[in-house]
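Trainee: Got a structure for you, questions after.
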Amino acid sequence: MSEAKTTTHPPFDWRRPFRYLWRMPVLLLHVTIGLPLTILMINPLCARMGLRGEPLDQLAIRLWSLGMVRVFGLRVRRYGTPLPGAALFVANHVSWIDITLLHSQRVVGFVAKSEIARWPLIGWLAARGGTIYHHRGNNDSLHGVMHQMVLRLQAGRAVGVFPEGGTSAGDTIRVFHARIFQPAVLAGVPAQPVALKYGAKGCAQTTVAFAHGEHFLGNFWRLLGEPARVAEVHFLEPVAASDDGRRRMADACRERIVAAMGL
């Protein structure tokens, strides 16, 4: 006789409908008012003007992103200092909100899968923020992405990547793909690992992560109703580019993120 399988369902959260009730109007205001104002600030003139050393266009994106994660109940805490200028920022990846969370502290041009360009709101804003899109499985696309990364780094701009190659379930950090570190080696710029933690001591990683078979809109709607929690952004010790290669950089960055996550 086969053993019957049991399914464990999360306990009913009676507060969730009330969170939707007040967060939906706030989200609508943030999108209909805050987003157009942010778009107006993304222009060459604001890029040349700064406040406390931060270009106005990046400041606008960062403040809008900070407001966005606040709408989702995330109280952001930053640890460490992001590198200024040209650097390759590498982070663990569990959900679409990782990009917004990192942008709330440091605006970078991300390398992301091409599917994100079709996501409502997030994809459009990511494109305006300088995202480099990669078509998975296409070598020509990958070569083009690597070339754009080198040019941006050589021009003194920051690039962000998720070297796991996709989102994880949140309970582990997969092996980092070394090839994505090659532009940092060629441009001679450091890589700074960034640990993104949701909940106290990362207790909500698996909650924020995409569930099995869950798509962007499903994850977006579910996270909008989640309880308020802390989101930590840890800017860790940078890894210098050197001639001994991209594999060393990848492993060193992964080790520091794993240590910061406490996995």
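The values are calculated or read from the model by the stated rules, or taken from the named source; none is laboratory data. A quick note: this is a predicted structure, and the numbers were derived from the prediction, not measured. Glycine gets a Cβ as well: all are built from the backbone with ideal geometry, and neighbour counts include every protein chain shown.
Trainee: Do any residues in the stretch 47-60 that are farther than 15 Å from L37 by Cβ have Cβ atoms under 7 Å from those of residues that are part of a helix (DSSP H, G or I), where the two are at least six apart or on different chains, and which pairs are they?
Mentor: Going by the 7 Å Cβ cut-off, the qualifying pairs are A47/D57; M49/L56; G50/L56; L51/L59; P55/C46; P55/A47.
Trainee: Mind checking whether some residue in the stretch 12-31 is at pLDDT below 85, under 27 Å from the mean Cα position of the chain (by Cα) and part of a loop (DSSP other than H, G, I, E, B)?
Mentor: Within the stretch 12-31, not a single residue is at pLDDT below 85, under 27 Å from the mean Cα position of the chain (by Cα) and part of a loop (DSSP other than H, G, I, E, B).
Trainee: I'm trying to understand the selection: among the residues of the stretch 161-172, which are more than 15 Å from V208 (Cβ to Cβ), touching a helix residue (DSSP H, G or I) at 6+ places or on another chain (Cβ under 7 Å) and in a loop (DSSP other than H, G, I, E, B)?
Mentor: Of everything in the stretch 161-172, just one residue is more than 15 Å from V208 (Cβ to Cβ), touching a helix residue (DSSP H, G or I) at 6+ places or on another chain (Cβ under 7 Å) and in a loop (DSSP other than H, G, I, E, B), namely P163.
Trainee: Shifting gears a bit: Looking at H93, H103 in this structure, which one is under 23 Å from F210 (Cα atoms), buried (at least 18 other Cβ atoms within 10 Å of the Cβ) and without any contact (Cβ under 8 Å) to a residue 60 or more places away in the chain?
Mentor: Only one candidate qualifies: H103.
Trainee: A further question follows. Let me confirm something: among R179, R174, R222, R229, which residue is at negative phi, under 17 Å from the mean Cα position of the chain (by Cα) and charged (D, E, K, R)?
Mentor: After ruling out the rest, the residue left standing is R174.
Trainee: So which of L51, L66, L45, L83 ends up being touching a helix residue (DSSP H, G or I) at 6+ places or on another chain (Cβ under 8 Å) and at negative phi?
Mentor: None of the others qualify; the one that does is L51.
Trainee: Do we have any residue at all in the stretch 193-203 that's out of contact with any Leu (no Cβ under 6 Å at 6 or more places or on another chain), free of Cβ contacts under 8 Å to residues at least 40 places away in the same chain and surrounded by 19 or more Cβ atoms within 10 Å (Cβ to Cβ)?
Mentor: No, the stretch 193-203 contains no residue that is out of contact with any Leu (no Cβ under 6 Å at 6 or more places or on another chain), free of Cβ contacts under 8 Å to residues at least 40 places away in the same chain and surrounded by 19 or more Cβ atoms within 10 Å (Cβ to Cβ).
Trainee: Here's something else I'd like to know. Which residues, taken from the stretch 206-222, are of a type in the set (F, W, Y) and either assigned to a helix (DSSP H, G or I) or exposed (fewer than 15 other Cβ atoms within 10 Å of the Cβ) (or both)?
Mentor: Answer for the stretch 206-222, where residues must be of a type in the set (F, W, Y) and either assigned to a helix (DSSP H, G or I) or exposed (fewer than 15 other Cβ atoms within 10 Å of the Cβ) (or both): F216, F220, W221.
Trainee: Here's a check for you: in the stretch 161-186, which residue that is touching a Gly at 6+ places or on another chain (Cβ under 8 Å) and closer than 18 Å to S242 by Cα is surrounded by the most Cβ atoms within 10 Å (Cβ to Cβ)?
Mentor: By that ranking, first place goes to V185.
Trainee: Conditions: (1) surrounded by 14 or more Cβ atoms within 10 Å (Cβ to Cβ); (2) free of Cβ contacts under 8 Å to residues at least 40 places away in the same chain. P82 meets all but one. Number of the miss?
Mentor: Among (1) surrounded by 14 or more Cβ atoms within 10 Å (Cβ to Cβ); (2) free of Cβ contacts under 8 Å to residues at least 40 places away in the same chain, the lone unmet condition for P82 is (2).
Trainee: Now a separate question. Can you pull out the strands (runs of 3 or more DSSP E) entirely within the stretch 51-160 that have at least 2 residues that are at pLDDT below 95 and aliphatic (A, V, I, L, M)?
Mentor: Passing ranges, in order: 109-113.
Trainee: If you don't mind, another one. Collect the residues in the stretch 236-258 that are at pLDDT 90 or above and in a loop (DSSP other than H, G, I, E, B), keeping them in residue-number order.
Mentor: Result: L236, E237, P238, A240, A241.
Trainee: Residues in the stretch 227-240: is at least one β-branched (V, I, T), touching a Gly at 6+ places or on another chain (Cβ under 9 Å) and touching a residue at least 24 places away in the same chain (Cβ under 8 Å)?
Mentor: Among the residues of the stretch 227-240, at least one is β-branched (V, I, T), touching a Gly at 6+ places or on another chain (Cβ under 9 Å) and touching a residue at least 24 places away in the same chain (Cβ under 8 Å), which makes the answer yes.
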